[in-house]
1. Hey, A:Ser157 hits all of (1) open to solvent by less than 60 Å² (accessible area, probe 1.4 Å); (2) part of a helix (DSSP H, G or I); (3) in contact (Cβ under 8 Å) with a residue 60 or more places away in the chain but one; which does it fall short on?
2. For the subset of the range B:92-118 comprising residues that are within 21 Å of A:Cys194 (Cα to Cα) and surrounded by fewer than 16 Cβ atoms within 10 Å (Cβ to Cβ), which member is farthest from the other protein chains (Cβ to nearest Cβ)?
3. State the number of residues belonging to the range B:31-72 that are in a helix (DSSP H, G or I), open to solvent by 50 Å² or more (accessible area, probe 1.4 Å) and free of Cβ contacts under 8 Å to residues at least 24 places away in the same chain.
4. Among the residues of the range B:94-113, count how many are among the hydrophobic types (A, V, I, L, M, F, W, C) and under 10 Å from A:Gln189 (Cβ atoms).
5. Any residue in the range A:189-204 that is open to solvent by less than 20 Å² (accessible area, probe 1.4 Å), more than 7 Å from every other protein chain (Cβ to nearest Cβ), farther than 18 Å from A:Gly268 by Cα and in contact with a Ser or Thr (Cβ under 7 Å, 6 or more places away or on another chain)?
6. Looking only at residues in the range A:117-133 that are open to solvent by less than 60 Å² (accessible area, probe 1.4 Å) and small (Gly, Ala, Ser), which one is farthest from A:Gly275 (Cα to Cα)?
7. Inside the range A:207-280, counting only strands (runs of 3 or more DSSP E) that do not spill past its ends, which hold 2 or more residues that are over 20 Å from A:Lys66 (Cα atoms) and either out of contact with any strand residue (DSSP E or B) (no Cβ under 6 Å at 6 or more places or on another chain) or open to solvent by less than 10 Å² (accessible area, probe 1.4 Å) (or both)?
8. Need the failing condition index for A:Gly179 against (1) in the same structural domain as A:Gln46 (by TED's automatic domain parsing); (2) open to solvent by 30 Å² or more (accessible area, probe 1.4 Å), just the number.
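The values are calculated or read from the model by the stated rules, or taken from the named source; none is laboratory data. Source: prediction; values computed, not measured. FYI the Cβ positions are ideal-geometry reconstructions off the backbone, even for glycines, and counts take in every protein chain you see. For accessibility, only protein heavy atoms count, side chains too; no ligands or nucleic acids. Shrake-Rupley method; radii C 1.70, N 1.55, O 1.52, S 1.80 Å.
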Amino acid sequence: MLRKLFVAAVFVVGAAQPLLADNAVDPQADFKAFREYFTKRFPKVQLDDFVNGPYSMDEGLRKQWKAIEEFPPYEFAVDHGKEAFAKPFKNGKTLGDCFPNKGVGIRQNYPYFDTKSGEVITLELALNQCLEANGEKPLDYTSQEMAALTAYMAFTSRGKPFDIKIPNDPRALAAYRSGEEYFYTRRGQLNFSCASCHVQSPGGHIRTEVLAPALGILNAMPIFRSEWGNMGTITRRFQTCNSQVRGVPLPGQDVLYRNVEYYLSYMGNGLPISGPGARP
Amino acid sequence: MELRQSHLVLAAVAGGLIGAAVLSWSAASAAPVGQELAFDRGKGNCLTCHEIKDGPAPGNLGPALNDMKARFPDRKELIAIVSDETKRNPLTVMPPFKRNLILNDEEIEQIVDFLYTL
């Protein structure tokens with residue numbers, strides 16, 4: 001127990017130091033340290049298996065998972081997303097027209113840093129931007145419709161490694177740094193950072209839930225959670241995690257959420273997209 | 001609840017001098033209230049992270065809470081841990097119950113009474 005905490009301490013302090021010391025941001029060095037932390041702490045977990053979240057941490061859960069996947073509960077969402085992608089807008093165009101390769105097999109490239117607007121563009125944001133640019137109503141970021149679209153895009157990208165780029169642009173580095181800082185900052189009445197749960201305690205049990213490791217934590221999104229009885233987008237998951245610590249969730253696709261997603265996705269570089277996922 | 005109220009009234013009437021006696025009287029009798037507070041999801045919610053006798057669906061981020069008298073003979077130490085464990089261990093995930101106003105002094109005393117029955 002103590003040793004575990006100590007190892008986590010070294011990692012967390014190490015990651016926080018550049019924040020305090022005003023050093024140059026070095027995503028590549030962060031990436032190396034981050035990956036090493038998880039592979040050293042969980043030497044028996046295959047690198048690509050981290051993308052399976054809680055299942056990579058717990059044998060018992062893994063057995064349940066295999067049973068769930070026989071009738072994948074997210075299949076409906078994938079089909080629905082596929083239809084929605086092909087359905088013409090009032091102006092005759094489709095969602096596919098907004099994306100490279102009609103949106104097929106590109107999930108691994110999101111989020112990206114848009115040098116024009118100077119902001120991180122996530123998949124959920126890009127989908128709503130597309131709808132609005134075509135005179136359609138944007139979707140709620142926690143809705144089943146939004147989850148269906150990202151489920152379809154993830155499904156057609158399965159196995160493709162995350163390929164997140166950080167252009168050599170001070171604004172991109174600042175966005176990355178802000179996401180990293182958000183991730184390691186404690187908040188809420190219960191005083192947790194994202195890292196308290198997903199870096200310090202992966203594999204641990206919060207009540208009966210098994211905590212997913214932060215390495216590869218976005219590769220399986222969106223997810224169908226049996227506990228919810230439906231799909232959850234990345235936005236929904238972030239907001240739920242904020243609420244669990246009695247913190248104040250941010251509005252959907254707030255710039256900080258996008259920056260966290262940028263940071264975490266970059267940390268997942270090289271690991272395969274496995275979404276949509278099914279969770280207990 | 002009734003117990004807690006009568007304890008408050010008693011404490012108020014008794015005042016400072018015999019306060020200590022009231023406290024030791026309450027030590028045994030506040031334990032059931034302490035258990036309720038410890039298990040209550042909106043209060044201690046200690047089961048999120050600790051295995052505790054008779055507690056359903058515990059987590060395991062922290063050690064099982066047992067054998068408290070032997071392991072923490074000094075009551076002040078337990079009060080300190082429940083009040084704000086980050087003082088002892090800045091990296092702990094255990095919430096600072098007192099600092100973040102999740103539990104007040106009286107509730108912490110009651111929980112510690114309960115811990116001493118474990």
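1. (2) is the only condition that A:Ser157 fails.
2. Quick first cut of the range B:92-118, residues within 21 Å of A:Cys194 (Cα to Cα) only: B:92-97, B:99-100, B:102.
Checking which are surrounded by fewer than 16 Cβ atoms within 10 Å (Cβ to Cβ) leaves us with B:99-100.
Numbers: B:Arg99: 8, B:Asn100: 5 Å.
Checked the range B:92-118; the qualifying residue farthest from the other protein chains (Cβ to nearest Cβ) is B:Arg99.
3. Filtering the range B:31-72 for residues in a helix (DSSP H, G or I) gives B:31-39, B:46-48, B:68-71.
So of that shortlist, the ones also open to solvent by 50 Å² or more (accessible area, probe 1.4 Å) come out as B:32, B:35-36, B:69-71.
Checking the rest, the ones that are also free of Cβ contacts under 8 Å to residues at least 24 places away in the same chain come to B:36, B:70-71.
Result for the range B:31-72: 3.
4. Step one: list which residues in the range B:94-113 are among the hydrophobic types (A, V, I, L, M, F, W, C), which gives B:94, B:97, B:101-103, B:108, B:111-112.
Add one more test, that the residue is under 10 Å from A:Gln189 (Cβ atoms), and what stays is B:97, B:101-102.
Residues that pass the stated criteria total 3.
5. Checked the range A:189-204: at least one residue is open to solvent by less than 20 Å² (accessible area, probe 1.4 Å), more than 7 Å from every other protein chain (Cβ to nearest Cβ), farther than 18 Å from A:Gly268 by Cα and in contact with a Ser or Thr (Cβ under 7 Å, 6 or more places away or on another chain).
6. Taking the range A:117-133 and keeping what is open to solvent by less than 60 Å² (accessible area, probe 1.4 Å), we get A:118, A:120-128, A:130-131.
Now drop any that are not small (Gly, Ala, Ser), which leaves A:118, A:126.
On the way: A:Gly118: 28, A:Ala126: 18 Å.
The extreme case among them is A:Gly118.
7. Values: elements: A:223-225, A:230-232, A:277-279.
Here the list is empty.
8. For A:Gly179, the failing item is (2).
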